[in-house]
Amino acid sequence: NKSDVRWSAVTDRSGTGLLFAGGKLFDTSVHHYSTGDLTMTKHRHKLTRLDETIVKLDAAQSGIGNHSCGYAPTLEQYLIRPEPMAFKLRLKPFSMNESSPMRLSRTEPV
(Lines give C-alpha, C1' and ligand atoms only; values in the text may rest on other atoms or scores of the structure.)
Protein backbone atom coordinates (compact mmCIF):
# COMPACT_ATOMS: atom_id res chain seq x y z
CA ASN A 1 0.00 0.00 0.00
CA LYS A 2 1.14 3.53 -0.77
CA SER A 3 -0.31 6.32 1.35
CA ASP A 4 -0.72 10.03 0.64
CA VAL A 5 -0.52 9.76 -3.14
CA ARG A 6 -1.84 12.35 -5.57
CA TRP A 7 -2.06 9.96 -8.52
CA SER A 8 -1.25 6.40 -9.54
CA ALA A 9 -1.39 4.50 -12.80
CA VAL A 10 -1.28 0.96 -14.15
CA THR A 11 -0.19 -0.01 -17.66
CA ASP A 12 0.16 -3.13 -19.74
CA ARG A 13 3.37 -4.06 -21.53
CA SER A 14 2.52 -1.82 -24.48
CA GLY A 15 2.16 1.27 -22.26
CA THR A 16 -1.64 1.49 -22.44
CA GLY A 17 -3.07 2.17 -19.02
CA LEU A 18 -5.43 3.81 -16.60
CA LEU A 19 -4.67 6.89 -14.48
CA PHE A 20 -6.21 7.43 -11.02
CA ALA A 21 -5.94 11.04 -9.82
CA GLY A 22 -7.37 12.64 -6.69
CA GLY A 23 -8.06 16.16 -5.59
CA LYS A 24 -7.03 15.08 -2.09
CA LEU A 25 -4.36 12.57 -1.12
CA PHE A 26 -5.46 8.92 -1.15
CA ASP A 27 -4.11 5.40 -0.63
CA THR A 28 -3.56 2.85 -3.38
CA SER A 29 -2.34 -0.70 -3.81
CA VAL A 30 -1.97 -2.92 -6.87
CA HIS A 31 -1.45 -6.68 -6.86
CA HIS A 32 -2.40 -10.03 -8.38
CA TYR A 33 -3.96 -11.71 -5.32
CA SER A 34 -7.54 -11.83 -4.06
CA THR A 35 -8.44 -10.24 -0.75
CA GLY A 36 -9.56 -13.64 0.54
CA ASP A 37 -6.28 -15.27 -0.42
CA LEU A 38 -4.27 -12.48 1.25
CA THR A 39 -6.40 -12.80 4.40
CA MET A 40 -6.32 -16.58 4.72
CA THR A 41 -2.81 -17.47 3.51
CA LYS A 42 -0.18 -17.56 6.24
CA HIS A 43 2.89 -17.79 3.97
CA ARG A 44 3.65 -15.75 0.88
CA HIS A 45 4.73 -18.73 -1.24
CA LYS A 46 1.23 -20.21 -0.85
CA LEU A 47 -0.54 -17.27 -2.50
CA THR A 48 -2.26 -17.98 -5.82
CA ARG A 49 -1.32 -15.39 -8.45
CA LEU A 50 -4.26 -14.21 -10.58
CA ASP A 51 -4.10 -13.10 -14.20
CA GLU A 52 -6.11 -10.01 -13.26
CA THR A 53 -4.57 -6.86 -11.82
CA ILE A 54 -6.43 -5.77 -8.69
CA VAL A 55 -6.32 -2.03 -7.94
CA LYS A 56 -7.49 -0.79 -4.55
CA LEU A 57 -8.15 2.91 -3.95
CA ASP A 58 -8.93 4.17 -0.45
CA ALA A 59 -9.64 7.55 1.14
CA ALA A 60 -7.46 6.45 4.07
CA GLN A 61 -6.21 3.40 5.94
CA SER A 62 -5.99 2.80 9.65
CA GLY A 63 -2.70 1.93 11.26
CA ILE A 64 -2.21 -1.74 12.20
CA GLY A 65 -0.18 -1.43 15.40
CA ASN A 66 2.83 -3.57 16.19
CA HIS A 67 2.33 -7.22 17.02
CA SER A 68 5.90 -8.34 16.32
CA CYS A 69 6.86 -8.19 20.02
CA GLY A 70 3.59 -9.02 21.75
CA TYR A 71 0.39 -7.03 21.67
CA ALA A 72 0.81 -3.33 20.91
CA PRO A 73 -2.44 -1.65 19.86
CA THR A 74 -2.64 0.98 17.17
CA LEU A 75 -1.99 4.45 18.54
CA GLU A 76 -5.04 6.70 18.78
CA GLN A 77 -3.80 9.18 16.15
CA TYR A 78 -3.57 6.37 13.54
CA LEU A 79 -7.10 5.03 13.98
CA ILE A 80 -9.90 5.88 11.57
CA ARG A 81 -13.19 6.32 13.39
CA PRO A 82 -16.37 4.95 11.79
CA GLU A 83 -18.19 7.85 10.18
CA PRO A 84 -19.57 8.67 6.75
CA MET A 85 -16.68 9.32 4.37
CA ALA A 86 -16.38 10.05 0.68
CA PHE A 87 -13.62 10.84 -1.76
CA LYS A 88 -13.52 11.66 -5.43
CA LEU A 89 -11.10 10.34 -8.06
CA ARG A 90 -10.69 10.83 -11.77
CA LEU A 91 -10.06 7.73 -13.90
CA LYS A 92 -8.53 8.40 -17.30
CA PRO A 93 -7.29 5.96 -19.94
CA PHE A 94 -3.94 6.88 -21.48
CA SER A 95 -1.05 5.67 -23.60
CA MET A 96 2.59 6.22 -22.65
CA ASN A 97 3.17 6.91 -26.38
CA GLU A 98 1.01 10.03 -26.11
CA SER A 99 1.61 11.39 -22.60
CA SER A 100 3.02 10.49 -19.21
CA PRO A 101 0.62 9.77 -16.33
CA MET A 102 2.35 12.44 -14.26
CA ARG A 103 1.59 15.08 -16.88
CA LEU A 104 -2.00 13.86 -17.25
CA SER A 105 -2.54 13.95 -13.49
CA ARG A 106 -2.00 17.72 -13.61
CA THR A 107 -4.25 18.49 -16.58
CA GLU A 108 -7.75 18.37 -15.13
CA PRO A 109 -8.89 19.16 -11.60
CA VAL A 110 -10.98 16.56 -9.79
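The values are calculated or read from the model by the stated rules, or taken from the named source; none is laboratory data. Everything quoted here is computed from the prediction, not taken from an experiment. Keep in mind that these areas ignore ligands, DNA and RNA; they rest on the heavy atoms of the full protein, side chains included. Shrake-Rupley method; radii C 1.70, N 1.55, O 1.52, S 1.80 Å.
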Under 30 Å between alpha carbons - lysine pairs in the chain that sit 8 or more apart or on different chains: 13
Classify the chain: rounded, prolate or oblate, from the alpha-carbon gyration tensor (a ≥ b ≥ c, eigenvalue square roots; a/c under 1.5 rounded; otherwise prolate if a/b is larger than b/c)? oblate
Starting from the Cα-Cα distance between Glu52 and Thr107, subtract it from 0.36 nm times their residue separation and give me the gain in nm to one decimal. 16.9 nm
By accessible area (1.4 Å), largest first, Thr107, Thr39 order as Thr39, Thr107
Segment Ala60-Ser95, extension gain: residue separation times 0.36 nm, minus the distance between their alpha carbons: 9.8 nm
For the chain, accessible area per residue (1.4 Å probe, heavy atoms of protein chains only), Å²: 78 Å²
